[in-house]
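FYI, it's all coordinate maths here, none of it is from the lab. As the structure is a prediction and not an experimental result, all values here were calculated from the model. Glycine gets a Cβ as well: all are built from the backbone with ideal geometry, and neighbour counts include every protein chain shown.
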């Protein structure tokens, strides 16, 4: 027996072909792009107050990048043929661009991280003994030139890489949105707004994720949280959250006002089938509450103590992470709940628990970047060592 | 600290070597990939286009003498003749070993009320077992059956966005899937406006109507056309002089599904009502 259908669906339309994994994919890719944009605020635009998370955001972007293709591989019917996307690409396909954009971006982030950490690596290669020494020597790639001149050049290349990285990150995530927005058969996806919405919500999720990681790490390490840093992150987060939600609402508004064929199905979709995840989770809980909270942080700064401000920021950022996840779910799954007959809806989609595309795998994929982040932190510290910097002059 | 060791490779030199190594790896990867593709292409040419999932014991492949450039197939569905017996759906299922719950072709039943406000549509099991009489809560003005298949669109989005080129349009106008290349991403399933595609639960590749490519390249009709007792489903070749089906299409009042999407379907409908999407 297939899933239950309300109304009339084309008989092949009752299956949800793009599962939970395809919800995870744009979510993780969005975190990659967003975290990178945050790191560039420090590395390119020289926002000194963001120095405490300059490295963290860059490495976090990389950690998420490592796992971004994994949901796709779990989803593919033939993952062993995955590389064909790069070997025999069909250039008229939006999806074919993934391998190239991903590969380019991977090298770029890796290069930037290496240059940012080069001085640290050299220092450690010289100071450490035994296995650690060997590890740092490998990471140094045989280059031990840490003269002020060399470091100055490093810094300039970092700025260039980070500057190229901003449009690259935008392309990486804009492309994900384009993959949905360009499907003219789908009433919910097919809008030129889609890449823009994805992009802005990606940046929102990236800033929120960096804020959450930073606050958590400092707390567990019993180190002070930089108030300036949190305040600045909140300003950016507020701005991007407002733009994101505005765009998301604009899409619904224009659909409802045009009253095209699409609205026949989308209106019922939002009202009956996504009432909880769209209206409840994405719009009221996920958008309204954090925008108010962040508004308080930004506008009522002088009335807030540091711990209170940090707590509000942490809560708002955590909620926004849920909001973006809900948005991915509502787009990917919502777009498959209704039939292209525009007359039928299948019952709610519930992902399997233990299967290849199930909840457990999704959680593991989501946890993996944090494990990598913790491992990297043991080798290359994510926080700037103020004392050592001061000693270095 | 051995200073000589730590300054053995100047940075510029390192960058150059790194670039060379990376370039080398890239060339090897591309070359091996390219070779694989070339070999696959050679095999491809031997049998011309290969249809998707074949039936049990059915000879998949295309006869050597078949030249796809000499054909342009066209499919015509005369809605006024369909009695909803489901023979076509059953024939398709047998011929192509279509998995249970998935459809390469199906039949829809439309029942419209006298005030035109109610349109009751159903397609139980794709119409495979025919249709049972139905009691509606309204006075019926008209009722009719509409068979559906892949429209084999000329400007088809499924081929446009297949990332590896596994979905393709043969020169004779048939949209096919090379299941040896399909990665099973499901993008084409999302892209088809007519719901004609699905991911085959056994092969995990995209599957769809091939117009019975293994039959039509041997001069036979698609199985659904031969099974149809009323002549609802008709199959023609516009490259054939005086083809009666193509003549009906060019000279008759025909319609295509979702014309606003400009996919240029090659499955035409005679007597289609506006309720049908």
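If neighbour count is taken as other Cβ atoms inside 10 Å, put B:70, B:214, A:173 in order from fewest to most.
B:70, B:214, A:173
Between Rg and the Kirkwood Rh of the protein assembly as shown, both from Cα atoms, what is the Rg to Rh ratio?
My calculation puts Rg/Rh at 1.05.
Taking the 0 to 90 degree range and rounding to the nearest ten, how far is the long axis of helix A:289-299 tilted relative to the main principal axis of chain A, both from C-alpha atoms?
40
Return a whole-number percent for the relative contact order of region B:163-277, with Cα pairs under 8 Å and 6 or more residues apart as the contact set.
13
Could you give the nm distance between label points at residue A:6 and residue A:92, where each point is 7 Å from its Cα heading toward the beta carbon?
Reported label-point gap for residue A:6 and residue A:92 is 3.8 nm.
What share of Cα pairs, in percent, lie more than 20 angstrom apart in region B:139-277?
When all Cα pairs of region B:139-277 are counted, 52 percent exceed 20 Å.
With the contact rule set at Cα under 8 Å and sequence spacing of 6 or more, what percent relative contact order holds for region A:226-346?
This gives 34 percent for region A:226-346.
Determine the distance separating the Cα centre of region A:262-323 from the Cα centre of region A:14-61; give it in Å without decimals.
Answer, in whole Å: 19.
Rank-order A:186-193, A:33-40 by packing density, defined as the average count of other C-beta atoms within 10 Å over each peptide's residues, highest first.
A:33-40, A:186-193
Please give the contour-minus-distance gain from residue A:354 to residue A:152: 0.36 nm per residue of separation, less the Cα-Cα distance, rounded to one decimal in nm.
My answer for the length gained is 67.6 nm.
Compute the acute angle (0 to 90°) between the alpha-carbon long axis of helix A:54-67 and the principal axis of greatest extent of the alpha-carbon atoms of chain A; round to the nearest 10°.
Helix A:54-67 sits roughly 50 degrees off the main axis of chain A.
Could you work out the helix-only [θ] at 222 nm for chain A, with each DSSP H run of four or more residues adding -39,500 (n - 2.57) and the total divided by the number of residues, to the nearest 500 deg cm²/dmol?
Taken over chain A, the calculation gives -22500 deg cm²/dmol.
If the elastic network links every pair of Cα atoms under 10 Å, which of A:149, A:262, A:112 fluctuates the most in the Gaussian network model of chain A?
Its mean-square fluctuation being the largest, the pick is A:149.
State whether region A:202-297 is rounded, prolate or oblate according to the following rule on the C-alpha gyration tensor (a ≥ b ≥ c being the square roots of its eigenvalues): a/c under 1.5 gives rounded; otherwise a/b larger than b/c gives prolate, and the remaining case gives oblate.
Prolate is the answer for region A:202-297, as a/c is 1.5 or above and a/b outweighs b/c.
Where does each of A:379, B:175 land when they are ranked from fewest to most other beta-carbon atoms within 10 angstrom?
So the residues, fewest neighbours to most, are A:379, B:175.
Give me the angle, in degrees from 0 to 90, between the Cα long axis of helix A:227-258 and the longest principal axis of the Cα atoms of chain A, rounded to the nearest 10.
The angle comes out near 20 degrees.
When B:255, B:71, B:200 are ordered from fewest to most other Cβ atoms inside 10 Å of their Cβ, what list results?
B:255, B:71, B:200
Give me the percent of Cα-Cα pairs in region A:226-346 that sit more than 24 Å apart, rounded to a whole number.
The calculated P(r) of region A:226-346 puts 37 percent of pairs beyond 24 Å.
Is region A:298-373 best put as rounded, prolate or oblate by its Cα gyration tensor, with a ≥ b ≥ c the root eigenvalues, rounded for a/c under 1.5, and otherwise prolate when a/b is larger than b/c, oblate when not?
Oblate.
Using alpha-carbon pairs under 8 Å, 6+ residues apart, how would you state the relative contact order of chain A in percent?
30
If you take every DSSP beta bridge whose two residues both sit in the protein assembly as shown, what share of them, in percent to the nearest 5, is antiparallel?
90
Taking 7 Å along the Cα-to-C-beta vector as the label spot, tell me the residue A:132-residue B:135 distance in nanometres, rounded to one decimal.
Here the modelled spin labels are 8.3 nm apart.
What are the radius of gyration and Dmax of chain A, computed over its Cα atoms and given in Å?
22.4, 72
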